[in-house]
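Inspection log for the structure reproduced underneath, given as C-alpha cells.
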Amino acid sequence: MLHIPCPYCGPRDETEFHYGSEAHVAYPENSANLTDEEWAKFVFIRSNPKGWMAERWVHSAGCRRWFNVWRNTINHEFGPSYKPFTQQPKSPA
Amino acid sequence: MSTVNFTFDGKQYSGQKGESLASALLRNGVLHFTDSSYKDRPRGVMGLWVEEPNALVNIDSGAGEPMVMSTTIEIVDGLVARSSQGVGDLPDTRDNSRYDKVNRHVDVLVVGAGTAGLEAAKKYSDQGKSVIVVDDKPAAGGHLVYLGQAVPADLLSVLDRENVTYLPRTTVQGLYDQGYSVATERRTDHLDSKVHTEMSRIRTWHIRADHTVLATGAFQRHLVFANNDRPGIMLSHSAATYVSNGANPFKSAVVVTVDNQGYRDAVRLSQAGVTVNAIVDIRNNPSGPSVEAAKAAGIEIITGKTAIDTCEKEDGTVKCVSVGNPDGSDAACIDGDLIAVSGGWTPVVHLATFVGIKPTWDAKLAAFVVKHSDSLTSTAGMLAGDFGGDDNAEIFFGPTLTTEQALVAFVDYQRDATYRDFKRAIDAGMRSIEHVKRYTAIGTAHDQGKTSGTVTMGLIGQAIGKAPDEIGSLTFRPPYITIPFAALAGRDRGLLSDPERTTPIHAWHVASGAPMEDVGQWKRPWYFPKSGENMHAAVLRECAAVREGVGVMDASTLGKIDIQGKDAGQFLDMIYTNMFSTLKVGMSRYGLMCGVDGMVFDDGVTTRISENHWLMTTTTGGAAKVLDWLEEWLQTEWPHLEVYCTSVTEQISTVAIVGPKSRELMSRLAPALDVSNEAFAFMENKHADVAGVPARIARISFSGELAYEINVPAIYGLHIWEAVMSQGADLNITPYGTETMHVLRAEKGFVIVGQETDGTQTPDDLDMSWIVSKKKDDFIGKRSFSRADTARDGRHQLVGILADDGSYVIPEGAYIVAGADANTAPPVKHIGYITSSYDSAALGRSFALALVANGLARKGEKIAIPMADRVVTGVITDSVFVDKENTRRDG
C-alpha cells in the first residue's frame, strides 16, 4: 500500500486517495478549434514515463482536495507533493 | 515439561506441552502421517516448520481449521487433529472466535528473531529507534532454539526494552510499498483447545515502518531421487532437531548430503542415540570443521555418491537407501529407518521478492540469497548469505534417473509432481521456472514451493546445462503462509463487512414485507407483495396502480448535491450538455453529464432553489463519483469559479406520489397549495406545508405520469410517507419499489445510466440529441461528439424491441441478430443487445429496450434473438412505448 504525501494532511495510506492520472494536462480553452488529432491527444494520450512522473491525486477520504505529486513509476517512491497552481518542484531525478 | 493429551485420527496420544504436533507424533512412533493427494502414497513429516510439504492436518477442536501444517501446531490438551490428504474440510459450524486488527507506525520492523534479527533489533534500539520484532515461532533465537543452545542474554534482553515490541507466533504475510507490511499474530491456539471470545484468536497487524530488516533465515531442501517420499525420509536438520528433543522413533540412519550441514546433523543424530550407518556426500573432497567432527564421531563417510532409490518396509516406511554414482550406476543399499537428506539451504527470499528485490545466486552456498540494503529495506543473516562460514555446497539436485525411477522421484510432494512430470515440461520446451510451474503444478500447493522452488530451478539448470541463476528467479506473492479469511476480516463481519445505507422510511418497508434490492450500499424496497403474490404479479399490480390511480415511492436514495455560489450556473453549463444558467428560480431541469470523451456517465434533475443556490440530483449509485467529478473540475481547472458543493443525500428525504390521482392526494396533503396545472406546472417547484412539515414539492416524473416529489428534512421522511398512506387510503394508494420504477421508466423510454449505458454511449446514441445544447460554446464532452468515431454511422443506438410472442420476456443481455439471420447457422454477426426487458401492464405484453447498430434508422426491421432452446423473432421499434405525446404528465 502506497504512503502518499498529501500536501494538506501529510502522509496517508493509499486507500484514502483516488488517482487522477498525469498532472499538468490542462483542459484546452479552444477545443472547437483543435484538430481531431490534437483533441484526441488531450483526451487519450498521456506520457506514461518509466521513472519520475508528476501526477494528480485526490484525498477523497480526507480533505477531499486535489494535489500534484512526483512519483517514481519504477519503484513507487514518492517525491515532493504540491498544491495545484503552485510552482512545481523540480523532478527528484 | 508438562504432558498434554491430544487426539490424532481418532487415537489418543500424549506429548510435551509446547512441542509441535509433528514432534509429538514422532515421539509416539508415528511415521506414516497421511497419504499423498493424488497418488495415495504413504507420507510422513519432512520438515520442521512452514516448509512442510506433507504432514497436513485438519484441526477439529477449538475454532477448527482446515489444512494446517502439523509442524506448526503447538499441542494443547484436548487438541483434535485429523490427517489431511491435501484437501482440507471447512468446519460446517460458525467460527465464533474473535479476530482483530492493529495499526502501528514504527521506525524499524525486524522480521525474524534469530541471531541476525536480534542483532539488528539491538542496533536500532541502541540508536533510540522504535522497533517491532516479528517472529513466527513461539520462542526467539532462531536456529539456536533448534540446536538447544542458549540465546546470548544481551541479545534476548533486547526484546524487553521499552522501545522494542516483540511479537512471537506472528507471521509477516506480505511486504508492500513504502515499508508497509501485514502480519498475523496467533494468540490463543497455543493456550488451549477452546474457542476464545474474550480475546482475539488471530490479530492482524498493519505495520508501516521507515525501515524493514529482513532476517528471515532459511529452509533446508530435499534431493530428487526415486522413492524419496517414504515416511522416514526427512530433511536432516529437521530429523536431527526432533530426535535431539527426544522425539526419536529411529534406530539407524543414513545421511545423504551435498553440504556440511549433513555432517552437523549426523553428529547430532549420533549424539541422540541414532546409529548413523553412513554419510553419503556427493562431493569428492568434503572439508571443514563439521566434516572433521563427523569423522571424529566415527561415522563412515562415502564421497562422490548420492541416493538413487529407496526400499520400503511392510508398513510403507523406509527400509534402506540405494547409494550410487550421480549417473545412477553402481548402486547398493545401505539400511536406515531414517534417511536424512541435506540438499542445501534455501533462504526465505519471499518478503524481498514481494517488493521487487531480486535474489542472486551464490554458487559457493548453492543458494539464492538477497544481499540488499537501501533506506527502506535491508537483509541480514542466512537470507543475506551469512551461513556461518563452514558451508561449501555442491550445486546438485538429484541423480540421473531411469524412466521408472523418474515416475516416483518427487519434486513437489504436496502436488505429487515427479521428475517425470518435470522432464515432460522440459521436453515440451519449457525453460522458465514460471512455465514449468504452470505446466507441472510444482510450487502451487499450500507451501507455494518453499522447498520445491529452488530444487526445480536447479533441475532445469541441470537438465539444460545452466546455472540456476541463468534460469531466472522465483517470484513469490503474499500471503507467506495460508491465513483464515476470518483473520483478514477481523471484526468486519456480517453487517460490518460493508456499510448498509437505509432511508428514514426503511423500517416501514421492512415491516410491509418488501424484499430489498441492493443498489450500491443502499437497501431499496424491490416490490411490495400482497399476501400470496409473486414478484411478477406484484409488479404488474403496482404498475397498473400508478398508471391508473396513484402510487408512492421512496426516492430518498437519489444522490443530492447542494451547489452554491455566484458562478454555479456557469459551472453547470460546462458540466451538463444542456443549458442551466438560463433556468428560472424555482424550476427544475433534467440534464446529462458526459466525460471529456463525450460518453454519458450520469444524469439527473437539477433545481434552481434561488439565484445562487442549486440542488443537483444524481443516480443513486453515482452520487459519490459525481461529487468527485465536480470537485475535480472546480479544483484543478476552474479555481476562479466561486462554487461550493456539498453532499446532502442523507439530509433530504424524498417521497414521490405518482399517477393520475396524485393531484387529488397532493391537495389533501397540502391544502394551502394550488395544485392546478396552471398554478403548478411541470418541472416547477413549490414550497408548502405538507402534513404540517415545510416541504419543497417538485413536479418531476420518472414514469411519464403526473407526479409530485415531496422533499423534506430527512427526519420527517417517515412522517410524510405515513401521511401519504393514510390520506391516500381511499384512493387505493399503492407503494411501489425499484422494479416497478424500472418498468414504468422503460415504458417511457427513459434510460438508466449503467443499464442502457456502459460508458460507450453518447447522447445521440441514446436518441437524446434534444438535450445537447447547440448554443453553448463548450461543455465537457462537446468536442468529442465530432470525433470521427462518435460521429460515424453504425453506432449502437437506443431502440425498442417487441418480440413477436408478446408473452415472452427476452432476457436482458441477449444478443440480437438481423431478422434475415434468424435461421443462419452460427457464427452469426450480432447487431446489438437487449439492455432492459419487462412484462408491461400498460401494454398488456412484453417489451424491451436495446442498443442496435444504426438502430434509429432501422425501426420496423425484423430481428431475431437466438436463445439456447429457441430463436425469438421480433421487430425494432421506437424506444417510447407509452404516451409518446407526453400528455399524461399533466394529469
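Tabulated data for the structure shown
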read-out: Considering residues of the range A:1-37 that are of a type in the set (Asp, Glu) and out of contact with any helix residue (DSSP H, G or I) (no Cβ under 9 Å at 6 or more places or on another chain) only, the residue modelled with the lowest pLDDT; value: A:Glu29
read-out: Residues within the range B:677-693 that are over 16 Å from B:Gly586 (Cα atoms) and either outside the structural domain of B:Ile720 (by TED's automatic domain parsing) or in a strand (DSSP E or B) (or both), tallied; value: 3
read-out: Hey, A:Ser60 within 11 Å of chain B (Cβ to nearest Cβ), loosely packed, with under 14 Cβ neighbours inside 10 Å and either over 13 Å from the mean Cα position of the chain (by Cα) or without any contact (Cβ under 8 Å) to a residue 60 or more places away in the chain (or both) or not; value: no
read-out: All positions within the range B:503-534 that are of a type in the set (Ser, Thr, Tyr) and touching a Ser or Thr at 6+ places or on another chain (Cβ under 9 Å); value: B:Thr503, B:Tyr527
read-out: Within the range B:343-358, tally of residues that are small (Gly, Ala, Ser), under 24 Å from the mean Cα position of the chain (by Cα) and modelled with pLDDT of 95 or more; value: 1
read-out: Residue among B:Arg668, B:Arg608, B:Arg663 that alone is part of a strand (DSSP E or B) and farther than 30 Å from A:Asp36 by Cα; value: B:Arg608
read-out: Conditions (1) modelled with pLDDT under 90; (2) crowded, with 24+ Cβ neighbours inside 10 Å; number of the one not met by B:Thr456; value: (1)
read-out: Output for the range B:752-781, where each listed residue is under 40 Å from the mean Cα position of the chain (by Cα) and either aliphatic (A, V, I, L, M) or part of a helix (DSSP H, G or I) (or both); value: B:Ile752, B:Val753, B:Leu766, B:Met768, B:Ile780
read-out: Residues (within 13 Å of chain B (Cβ to nearest Cβ) and either of a type in the set (Val, Ile, Thr) or farther than 14 Å from A:Glu14 by Cα (or both)) located in the range A:70-91; value: A:Asn72, A:Thr73, A:Ile74, A:Asn75, A:Gly79, A:Tyr82, A:Lys83, A:Pro84, A:Phe85, A:Thr86
read-out: Test: residue in the range B:71-82 that is out of contact with any strand residue (DSSP E or B) (no Cβ under 6 Å at 6 or more places or on another chain), hydroxyl-bearing (Ser, Thr, Tyr), closer than 23 Å to B:Pro138 by Cα and not in a loop (DSSP other than H, G, I, E, B); value: yes
read-out: 2 or more residues among the β-branched types (Val, Ile, Thr): qualifying strands (runs of 3 or more DSSP E) within the range B:843-891; value: B:862-866, B:871-877
read-out: Test: residue in the range B:807-825 that is of a type in the set (A, V, I, L, M), on the phi < 0 side of the Ramachandran plot and within 14 Å of chain A (Cβ to nearest Cβ); value: no
read-out: Residue match in the range B:300-310 (condition: more than 21 Å from B:Cys333 (Cα to Cα) and modelled with pLDDT of 95 or more); value: no
read-out: In the range A:10-45, the residues that are in a loop (DSSP other than H, G, I, E, B) and of a type in the set (Gly, Ala, Ser); value: A:Ala23, A:Ala26
read-out: Strands (runs of 3 or more DSSP E) wholly inside the range B:244-357 containing at least 2 residues that are under 19 Å from B:Arg43 (Cα atoms) and not acidic (Asp, Glu); value: B:252-257, B:306-312, B:318-324, B:338-342
read-out: Checking B:Asp210 against (1) in a strand (DSSP E or B); (2) in contact with a Phe, Trp or Tyr (Cβ under 6 Å, 6 or more places away or on another chain); (3) not hydrophobic (A, V, I, L, M, F, W, C), the condition it does not meet; value: (2)
read-out: Selection within the range B:370-389 - surrounded by 17 or more Cβ atoms within 10 Å (Cβ to Cβ) and among the acidic types (Asp, Glu); value: B:Asp386
read-out: Residue ID - surrounded by the fewest Cβ atoms within 10 Å (Cβ to Cβ), chosen from residues in the range B:304-324 that are touching a residue at least 40 places away in the same chain (Cβ under 8 Å) and more than 18 Å from B:His222 (Cα to Cα); value: B:Asp315
read-out: Within the range A:1-56, considering residues that are within 11 Å of chain B (Cβ to nearest Cβ), hydrophobic (A, V, I, L, M, F, W, C) and in contact with a strand residue (DSSP E or B) (Cβ under 7 Å, 6 or more places away or on another chain), the one surrounded by the fewest Cβ atoms within 10 Å (Cβ to Cβ); value: A:Met1
read-out: Conditions (1) outside any strand (DSSP E or B); (2) more than 30 Å from B:Ser236 (Cα to Cα): number failed by B:Asp189; value: (2)
read-out: Meets criteria (assigned to a helix (DSSP H, G or I), surrounded by fewer than 21 Cβ atoms within 10 Å (Cβ to Cβ) and away from chain A (no Cβ under 14 Å)) for B:Leu144; value: yes
read-out: Any hit, the range B:174-183, residues being away from chain A (no Cβ under 14 Å) and either assigned to a helix (DSSP H, G or I) or of a type in the set (Val, Ile, Thr) (or both); value: no
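Residue-wise test of (1) over 25 Å from B:Trp522 (Cα atoms); (2) small (Gly, Ala, Ser); (3) more than 14 Å from every other protein chain (Cβ to nearest Cβ).
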{"site": "B:Thr654", "(1), (2), (3)": "no, no, yes"}
{"site": "B:Ser662", "(1), (2), (3)": "yes, yes, yes"}
{"site": "B:Asp674", "(1), (2), (3)": "yes, no, yes"}
{"site": "B:Glu678", "(1), (2), (3)": "yes, no, yes"}
{"site": "B:Asn685", "(1), (2), (3)": "yes, no, yes"}
{"site": "B:Phe702", "(1), (2), (3)": "no, no, yes"}
{"site": "B:Tyr708", "(1), (2), (3)": "no, no, yes"}
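The values are calculated or read from the model by the stated rules, or taken from the named source; none is laboratory data. Keep in mind that what you see is a predicted model, and the values were worked out from it rather than measured. Cβ: placed from backbone, ideal geometry, glycine included. Neighbour counts: every protein chain shown.
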